[in-house]
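Asker: Below is a structure I'd like to ask you about.
The values are calculated or read from the model by the stated rules, or taken from the named source; none is laboratory data. Since the model is a prediction, treat every value here as computed from it, not as a measurement. Backbone-built Cβ (ideal geometry, glycine too); neighbour counts: all protein chains shown.
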Amino acid sequence: MTNKNALITGITGQDGAYLSQLLLSKGYKVHGILARRSTDTLWRLRELGIADEVILLDGDLTDLSSLIRAMEASKADEVYNLGAQSFVGSSWQQPLLTAQVDGVGALNVLEAVRIVNPKGRFYQASTSEMFGLIQAEQQDETTPFYPRSPYGVAKLMAHWATVNYRESFAMHASSGILFNHESPLRGIEFVTRKVTDAVARIKLGLQKELRLGNIDAKRDWGFAGDYVEAMWLMLQQEQGDDYVVATGQTTTVRRMCEIAFGHAGLTMDQHLVIDEKFFRPAEVDVLLGNPAKANAKLGWRPKTSLEDLIVMMLDADLRRLSRG
Ligand code: NAP
Ligand code: GDD
């Protein structure tokens, strides 16, 4: 067990909740930035039974002074920057906010670490979205980036800021280039959870159809619970570095839907409607990661198959909806 302090931005999000659970199990004192919202954002931490075990500090990624205060209050040894406007679809409607939160926000966290505790270790939640219009069939740490959304562009700035602070100030700063990862705690706007929630509703007679956009898109989907272990492992290495975290398998949205409908004993074609509204101005057609470096250097490998993941999510949605 450790007695280290951790600070997590985005603690109320999917990854923030699983990472908090992992760090608490290792003995960390876990602090998290709580951005002011008019709605309740603690449901994920409650669902994992850890809402009372983490220390929440008011702050916002766009407010450097709040991040400096959080660094001072938490005495953080490890800082995980998971906070973001993370929905690619919204980034075309809110490009400036996305740039401020996902791009400049990461720079604010790096500055707060540099000012308060430059020996602190820093993790940046980078993304396979940076590969966008892919320049290699399977993407790894050497593949050139070609972002296709304002979200991808903002995240690319944060990625390079992380590399630059490592090289400029000898900071222990790592960029985890994570491919899509999902769970029962996934936000409802993302396609896997949209599907499992809708299939559960159709199964229970609460809804008739599921409307989706481009179901030919392919993604490399893993389980968020597996992926937060890779984040932690990166900060336990002697030096900061960049790592791709992925399963090495890619699947169409269509096939992912078939798994969900099939598990519920429903016929997909009777319920699925293609709706132009959900197509994007520019699409990332296919993502397929190569996690060889994370495997070799961190000893990390994914443990959960896509089938098991979708079944886990669907069963959780069925339970939630049945409880009312
Ligand atoms: P998520 O569920 O959408 O969580 C995002 C978190 O960021 C929430 O806690 C949110 O707070 C917080 N946040 C938003 N704006 C903020 C602001 N201005 N100041 C402070 N906090 C703010 O995302 P996730 O799936 O856990 O992903 C975690 C990180 O990994 C994100 O940076 C995402 O871009 C990146 N990523 C995710 C994936 C994936 O497949 N899940 C893959 C690669 C990279 P509220 O709850 O108050 O809104
Ligand atoms: N959300 C959504 N809703 N996506 C749909 C729909 C729909 O109705 N229909 C088809 N899709 C397609 C999208 O066009 C995209 O090609 C794919 O499903 C996955 O969409 P999302 O689940 O929204 O995820 P994403 O790949 O755009 O972004 C997620 O993964 C990134 C890592 O690659 C997010 O978690 C990002 O934050 C993350 O960085």
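Asker: Please work out which residue is nearest to ligand 2 (Cβ to nearest atom), limiting yourself to the range 263-302 and to residues that are over 23 Å from VAL153 (Cβ atoms) and β-branched (Val, Ile, Thr).
Answerer: Ranking the qualifying residues of the range 263-302, first place goes to ILE274.
Asker: Can you name the residue in the range 232-264 that is outside the structural domain of TYR123 (by TED's automatic domain parsing), free of Cβ contacts under 8 Å to residues at least 24 places away in the same chain and not basic (Lys, Arg) and, of all such residues, is farthest from ligand 1 (Cβ to nearest atom)?
Answerer: GLY262
Asker: Among GLY176, GLY132, GLY152, which is within 16 Å of ligand 1 (Cβ to nearest atom) and farther than 30 Å from ASP77 by Cα?
Answerer: GLY132
Asker: Name the single residue, out of those in the range 112-139 being in a loop (DSSP other than H, G, I, E, B) and touching a Lys or Arg at 6+ places or on another chain (Cβ under 7 Å), that is farthest from ligand 2 (Cβ to nearest atom).
Answerer: Ranking the candidates gives LEU133 first.
Asker: Take the conditions out of contact with any strand residue (DSSP E or B) (no Cβ under 8 Å at 6 or more places or on another chain), touching a residue at least 12 places away in the same chain (Cβ under 8 Å) and of a type outside the set (D, E, K, R) and apply them to VAL88. Does it pass?
Answerer: It is true that VAL88 is out of contact with any strand residue (DSSP E or B) (no Cβ under 8 Å at 6 or more places or on another chain), touching a residue at least 12 places away in the same chain (Cβ under 8 Å) and of a type outside the set (D, E, K, R).
Asker: Could you go through the range 210-231 and let me know if any residue there is more than 14 Å from ligand 1 (Cβ to nearest atom) and in a helix (DSSP H, G or I).
Answerer: Among the residues of the range 210-231, at least one is more than 14 Å from ligand 1 (Cβ to nearest atom) and in a helix (DSSP H, G or I), which makes the answer yes.
Asker: Further question on the same structure: Identify, please: which residue in the range 160-199 is small (Gly, Ala, Ser) and in a helix (DSSP H, G or I) and is, among those, nearest to ligand 2 (Cβ to nearest atom)?
Answerer: Of everything passing the filter in the range 160-199, ALA198 is nearest to ligand 2 (Cβ to nearest atom).
Asker: Between residues in the range 22-34 that are in the same structural domain as GLU78 (by TED's automatic domain parsing) and residues that are part of a helix (DSSP H, G or I) and not hydrophobic (A, V, I, L, M, F, W, C), which pairs lie under 6 Å by C-beta distance while being six or more apart or on different chains?
Answerer: The qualifying pairs are VAL30/SER20; HIS31/SER74.
Asker: Give ALA170, ALA158 a once-over and let me know the one that is surrounded by fewer than 24 Cβ atoms within 10 Å (Cβ to Cβ) and modelled with pLDDT of 95 or more.
Answerer: ALA170 is the lone residue from the list that is surrounded by fewer than 24 Cβ atoms within 10 Å (Cβ to Cβ) and modelled with pLDDT of 95 or more.
Asker: Next question, about the same structure. So which residues in the range 300-316 are in contact with a Gly (Cβ under 9 Å, 6 or more places away or on another chain) and either crowded, with 17+ Cβ neighbours inside 10 Å or among the aliphatic types (A, V, I, L, M) (or both), if there are any at all?
Answerer: Hits for the range 300-316 are PRO302, THR304, LEU306, LEU309.
Asker: So in the range 33-50, with the set limited to residues that are at pLDDT 95 or above and farther than 28 Å from GLU111 by Cα, which one is nearest to the chain's Cα centre (by Cα)?
Answerer: Ranking the candidates gives ARG44 first.
A quick yes/no check of all residues on (1) touching a Pro at 6+ places or on another chain (Cβ under 6 Å); (2) in a helix (DSSP H, G or I):
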| residue | (1), (2) |
| --- | --- |
| THR247 | yes, no |
| ASP269 | no, yes |
| VAL273 | no, no |
| LYS277 | no, yes |
| LYS297 | no, yes |
